[in-house]
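Novice: A single structure is presented below for examination.
The values are calculated or read from the model by the stated rules, or taken from the named source; none is laboratory data. What you see is a predicted model; the values in this text were computed from it and never measured. Note that each Cβ is placed from the backbone with ideal geometry, even for glycine, and that neighbours are counted across all protein chains shown. Areas reflect the complete protein model, heavy atoms only, side chains present, ligands, DNA and RNA absent. Shrake-Rupley method; radii C 1.70, N 1.55, O 1.52, S 1.80 Å.
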Amino acid sequence: MPLFANTPVEKMTGPYTRRWWALIVLCLSLLIVVMANTSLIVAAPDMTTDLRLSSSDLQWVIDGYTVPYAALMLVLGSIGDKYSRRGALITGLLIFAGGSVMGSLVDETTLVIVARAIMGVGAAVVMPATLSLLVAMFPKRERTRAITAWTATSGLAIAVGPLVAGWLLESRAWGSTFLINVPIAVVAVVGAFVLVPPSKAEGMGRIDYVGGLLSIVSVGSLVYAIIEGPHFGWGVGPVTAAVVAGVGFVAFTLWELKHPHPMLDVRKFAERPFSGSMLAVLFFFFGTFGSIYYSTQFLQFVLGYDALETGIRLLPLAGAVFAGAAVTGKLTPKLGVKAMVVPGMALGTVGVFLLAQIDKSSTYTDFLPSLLLLGFAIGLSVSPATDTIMDSFPESELGVGGGANDTSLELGGSLGIAVLGSLLGTAYQDKLADLVGNRLPHDALDTAKESVGAGLAVAEQVAKTPGATPQQAQALVDAVHESFAHGVAHTSIIGGVIMAVGALIVLAVLPGRKATAGHRQERTEETRKEPAEVG
């Protein structure tokens with residue numbers, strides 16, 4: 001075979017021979033997309049200090065990536081299906097790398113947000129392309145193992161992002177954390193040319209751009225409302241966005257039902273394997289992303305670990321993801337999807353509930369069981385759910401399938417961080433006001449209530465105030481720690497309840513093994529009647 005793999009995967013007489021090497025390229029691409037957020041978690045304190053970010057500024061530095069990422073995946077997945085999945089992957093990686101370079105060079109808040117948004121656009125091209133190429137390259141008998149490896153990469157990125165970012169921050173400025181992605185992106189681009197075969201859909205017809213536009217408006221408005229509303233209050237902007245999202249989803253549904261070649265056939269949501277798996281991904285990442293988000297803050301702000309030490313302490317989570325992936329790879333073919341997804345969600349729920357025991361005297365070992373359970377649950381559940389979602393789409397719509405899976409994932413994660421983060425903030429503020437409300441000036445109290453980092457900064461100012469004693473500053477530090485621990489415990493109870501409800505819903509919706517097998521047989525028969533793909 002020539003160095004550059006130009007033979008379309010669908011035209012080969014058997015499975016693509018270098019598919020496992022190509023999978024490494026897809027996993028590297030996924031790695032940087034996930035690391036873009038996890039590395040930012042540990043870089044945020046330095047960015048906040050250097051750029052003097054307000055709470056709103058920091059939120060949009062984080063979520064400037066999320067909005068285009070979530071809103072564009074469905075459309076860009078469809079474009080990749082029609083024109084070139086490999087081309088989409090390479091284009092997305094180059095856009096992502098360009099945004100990363102820009103983020104490392106700029107020193108203004110607005111420009112950092114723009115750089116993050118560019119990275120989000122690149123991620124929206126990359127993510128559905130990775131899944132569609134994976135499904136196109138691997139025969140059904142190997143696909144579960146391939147998707148399991150793809151899923152395990154997400155868990156690796158959760159730990160590797162903070163670890164590498166923390167190592168860089170030991171001697172470099174926060175801008176260096178953006179550059180983590182660039183060499184990996186370059187390697188992935190070269191690998192895509194060398195190892196990934198061309199792939200696109202045949203007989204797809206025109207792209208449903210009206211449906212695509214409605215999906216962008218609907219998902220983008222929903223994510224904006226999710227971000228702004230819980231954190232900054234339901235003013236005119238978030239309420240308007242929520243209304244636009246609701247109207248947009250109704251219009252999208254009606255349009256897709258009557259369109260001969262819809263962007264996303266909404267009738268799929270009547271299929272229990274598909275809808276149950278989509279709900280599982282959404283609820284699962286709601287709980288896990290939110291919990292990991294505030295657990296990381298506790299490790300940094302309360303326990304005092306620096307960025308590198310925090311990254312090291314997240315490594316057990318990555319190890320647990322790989323352990324869960326190994327188990328699901330062996331048991332899913334024998335027991336079925338439901339037998340893996342529902343117990344995984346139950347374990348994740350227990351992991352969230354364990355954080356309800358956190359108090360100001362808690363140590364890292366109190367977080368370890370939760371991290372291990374959450375990691376194991378990710379490895380156990382996400383792979384079979386993703387496999388089921390992708391199996392619901394014909395070969396000509398694999399990019400759309402990847403976009404649907406990743407949109408559910410991103411919506412769940414955004415909801416988890418926004419909703420649980422908002423509940424945490426409210427609980428923290430109320431507890432801090434109870435503990436020190438009468439002993440701090442009004443302005444200082446308002447500042448301290450903004451976040452745990454702001455509270456510790458006020459304590460530093462108190463320590464430098466003429467006439468103040470070290471005991472007064474330490475008392476404020478203790479109050480901030482206690483308030484944040486109270487917020488973590490309170491929020492974890494609510495997060496655990498939501499996860500438990502989600503697990504029960506998924507238990508009711510997902511069919512058993514026999515029904516799922518019947519659905520897959522129907523999909524196989526439908527696929528045989530469709531045109532094959534060409535490069």
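Novice: How many residues, within the stretch 298-312, are open to solvent by less than 40 Å² (accessible area, probe 1.4 Å) and either out of contact with any helix residue (DSSP H, G or I) (no Cβ under 9 Å at 6 or more places or on another chain) or within 16 Å of residue 455 (Cα to Cα) (or both)?
Specialist: Summing the residues that are open to solvent by less than 40 Å² (accessible area, probe 1.4 Å) and either out of contact with any helix residue (DSSP H, G or I) (no Cβ under 9 Å at 6 or more places or on another chain) or within 16 Å of residue 455 (Cα to Cα) (or both) in the stretch 298-312 gives 4.
Novice: So which helices (runs of 4 or more DSSP H) stay within the stretch 175-266 end to end and still have 2 or more residues that are of a type in the set (D, E, K, R)? Lay out the reasoning, then the answer.
Specialist: Values: elements: 181-195, 209-232, 236-258.
In the stretch 175-266, the matching helices (runs of 4 or more DSSP H) lie at 236-258.
Novice: If I go through the stretch 87-100 residue by residue, how many of them are of a type outside the set (Gly, Ala, Ser) and farther than 13 Å from residue 36 by Cβ? Explain how you work it out, then say what you get.
Specialist: Our first condition is that a residue be of a type outside the set (Gly, Ala, Ser); within the stretch 87-100, this holds for 89-91, 93-96.
Subset that is farther than 13 Å from residue 36 by Cβ: 89-91, 94.
Number of matching residues: 4.
Novice: Among the residues of the stretch 111-155, write down those that are under 27 Å from residue 61 (Cα atoms), of a type in the set (S, T, N, Q) and open to solvent by 10 Å² or more (accessible area, probe 1.4 Å).
Specialist: Correct list: 153, 154.
Novice: Now for a separate question. Take residue 89 and tell me if it is modelled with pLDDT of 90 or more, among the aliphatic types (A, V, I, L, M) and under 22 Å from residue 186 (Cβ atoms).
Specialist: Values: modelled with pLDDT of 90 or more: yes; among the aliphatic types (A, V, I, L, M): yes; under 22 Å from residue 186 (Cβ atoms): yes.
Spelling it out, residue 89 is indeed modelled with pLDDT of 90 or more, among the aliphatic types (A, V, I, L, M) and under 22 Å from residue 186 (Cβ atoms).
Novice: Please go through the stretch 267-276 and give me each residue that is open to solvent by 50 Å² or more (accessible area, probe 1.4 Å), part of a helix (DSSP H, G or I) and touching a residue at least 60 places away in the same chain (Cβ under 8 Å), ordered by number. Break it down stepwise before answering.
Specialist: Within the stretch 267-276, the subset open to solvent by 50 Å² or more (accessible area, probe 1.4 Å) is 267, 269-272.
In the following step, the residues that additionally are part of a helix (DSSP H, G or I) were identified as 267, 269-270, 272.
Selection gives 272 alone.
Novice: Same structure again: Which of the residues belonging to the stretch 177-193 are closer than 20 Å to residue 81 by Cα and β-branched (Val, Ile, Thr)?
Specialist: If the condition is that a residue be closer than 20 Å to residue 81 by Cα and β-branched (Val, Ile, Thr), then 189 is the only one that fits.
Novice: Let me ask something else about it. Output the number of the condition that residue 396 fails; it satisfies all remaining conditions of (1) of a type outside the set (Val, Ile, Thr); (2) farther than 30 Å from residue 242 by Cβ; (3) open to solvent by less than 50 Å² (accessible area, probe 1.4 Å); (4) not in a helix (DSSP H, G or I).
Specialist: (4)
Novice: Shifting gears a bit: Output the number of the condition that residue 33 fails; it satisfies all remaining conditions of (1) among the β-branched types (Val, Ile, Thr); (2) within 17 Å of the chain's Cα centre (by Cα); (3) at pLDDT 95 or above.
Specialist: Exception for residue 33: condition (3).
Novice: Applying the selection to the stretch 135-174, what residues are among the polar types (S, T, N, Q) and assigned to a helix (DSSP H, G or I)?
Specialist: Correct list: 144, 148, 151, 153, 154.
Novice: Filter the stretch 349-379 down to residues that are open to solvent by 10 Å² or more (accessible area, probe 1.4 Å) and aromatic (Phe, Trp, Tyr) and give me whichever is nearest to residue 487 (Cα to Cα).
Specialist: If we take residues in the stretch 349-379 being open to solvent by 10 Å² or more (accessible area, probe 1.4 Å) and aromatic (Phe, Trp, Tyr), then 353 is nearest to residue 487 (Cα to Cα).
Novice: Quick check on the stretch 98-110: of everything there that is in a helix (DSSP H, G or I) and over 18 Å from residue 68 (Cβ atoms), which residue is least open to solvent (accessible area, probe 1.4 Å)?
Specialist: Filtering the stretch 98-110 down to residues in a helix (DSSP H, G or I) leaves 98-105, 109-110.
So of that shortlist, the ones also over 18 Å from residue 68 (Cβ atoms) come out as 104-105.
Details: 104: 28, 105: 134 Å².
Selected residue: 104.
Novice: Can you work out which of the residues in the stretch 434-453 that are free of Cβ contacts under 8 Å to residues at least 24 places away in the same chain and buried (at least 17 other Cβ atoms within 10 Å of the Cβ) is nearest to residue 494 (Cα to Cα)?
Specialist: This residue is 449.
Novice: Suppose the filter is modelled with pLDDT of 90 or more, in contact with a Gly (Cβ under 9 Å, 6 or more places away or on another chain) and more than 22 Å from residue 142 (Cβ to Cβ); does residue 372 pass it?
Specialist: yes
Novice: For the stretch 321-341, what are the residues that are part of a helix (DSSP H, G or I) and not aliphatic (A, V, I, L, M)?
Specialist: Narrowing the stretch 321-341 to residues part of a helix (DSSP H, G or I): 321-335, 338-341.
Hits for the stretch 321-341 are 322, 324, 328, 329, 330, 332, 333, 334, 338.
Novice: Please go through the stretch 434-450 and give me each residue that is under 16 Å from residue 481 (Cβ atoms), of a type in the set (D, E, K, R) and assigned to a helix (DSSP H, G or I), ordered by number.
Specialist: Matches in the stretch 434-450: 434 only.
Novice: Might you check whether a residue that is open to solvent by 10 Å² or more (accessible area, probe 1.4 Å), of a type in the set (Phe, Trp, Tyr) and farther than 17 Å from residue 424 by Cα occurs anywhere in the stretch 288-295?
Specialist: Scanning the stretch 288-295, I find no residue that is open to solvent by 10 Å² or more (accessible area, probe 1.4 Å), of a type in the set (Phe, Trp, Tyr) and farther than 17 Å from residue 424 by Cα, so the answer is no.
Novice: Scan 426, 491 and give me the residue that is surrounded by fewer than 18 Cβ atoms within 10 Å (Cβ to Cβ) and closer than 30 Å to residue 69 by Cα. Quick ask: steps written out before the conclusion?
Specialist: Numbers: 491 fails: surrounded by fewer than 18 Cβ atoms within 10 Å (Cβ to Cβ).
After applying the criteria, what remains is 426.
Novice: Further question: For residue 257, all conditions in the list (1) touching a Gly at 6+ places or on another chain (Cβ under 7 Å); (2) over 21 Å from residue 164 (Cα atoms); (3) surrounded by fewer than 17 Cβ atoms within 10 Å (Cβ to Cβ) hold save one; what is the number of the exception?
Specialist: It is condition (1) that residue 257 fails.
Novice: For residue 401, indicate whether it is open to solvent by 10 Å² or more (accessible area, probe 1.4 Å) and in contact with a Pro (Cβ under 9 Å, 6 or more places away or on another chain).
Specialist: When the stated conditions are applied, residue 401 does not pass them.
Conditions (1) in contact with an Asp or Glu (Cβ under 7 Å, 6 or more places away or on another chain); (2) of a type in the set (D, E, K, R); (3) over 27 Å from residue 131 (Cβ atoms), marked per residue:
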| residue | (1), (2), (3) |
| --- | --- |
| 354 | no, no, yes |
| 378 | no, no, no |
| 398 | yes, no, no |
| 414 | no, no, no |
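Novice: Within the stretch 499-519, can you find the residues that are surrounded by fewer than 20 Cβ atoms within 10 Å (Cβ to Cβ), part of a helix (DSSP H, G or I) and at pLDDT 55 or above?
Specialist: First pass over the stretch 499-519, keeping only residues surrounded by fewer than 20 Cβ atoms within 10 Å (Cβ to Cβ): 500-501, 504-505, 507-509, 511-515, 517-519.
Within this subset, residues satisfying the condition of being part of a helix (DSSP H, G or I) are 500-501, 504-505, 507-509, 513-515, 517-519.
Matches in the stretch 499-519: 500, 501, 504, 505, 507, 508, 509, 513, 514, 515, 517, 518.
Novice: Name the one entry in 339, 346 that is surrounded by fewer than 23 Cβ atoms within 10 Å (Cβ to Cβ), out of contact with any Asp or Glu (no Cβ under 9 Å at 6 or more places or on another chain), small (Gly, Ala, Ser) and modelled with pLDDT of 95 or more. Break it down stepwise before answering.
Specialist: Values: 339 fails: modelled with pLDDT of 95 or more.
One residue alone meets the criteria, 346.
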